[in-house]
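Visitor: Sharing a structure, written as structure tokens. Questions coming.
Any read-out appearing in this document is the output of simple, stated calculations on the displayed coordinates, not a laboratory observation. Note that this is a predicted model, so its numbers are computed, not measured. Reconstructed Cβ throughout: ideal geometry from the backbone, glycine too, with neighbour counts over all protein chains shown.
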């Protein structure tokens, strides 16, 4: 049995302007968490990526009103697994669109008793893999 525990606090720093940012920094890097609001109701998924088989959804839950989330995903695999944390949200999305932000769970955090924690997890941070889907 392979497992991953994830936790964190989703924030949205889109549209926040901060003076004196260092090159490459975002508002979340420069400011305390309270400047960026928590993201309520974002869909958080733990997905095990397969090269041959279809990907497996290990867990599916929503963030709390303050943006906090936590969950555990388990999969019955014999070999090492590749696990992603995928968040579907509207932070920085165009009208009528949703964004999906993906972060790889580090291999050393799989089957660990410790949670892979991102706090704050700025959904607008350019360093995360993000796609946008429009209806």
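Visitor: Kindly state, to the nearest 0.05, the FRET efficiency for residue 129 paired with residue 61, given R0 = 22 Å and r defined as their beta-carbon distance.
Guide: 0.60
Visitor: So, one more: Could you calculate the contour length gain from residue 70 to residue 52, that is, 0.36 nm times the residue separation minus the distance between their Cα atoms, to one decimal place in nm?
Guide: Taking 0.36 nm per residue and subtracting the Cα distance, the gain is 3.6 nm.
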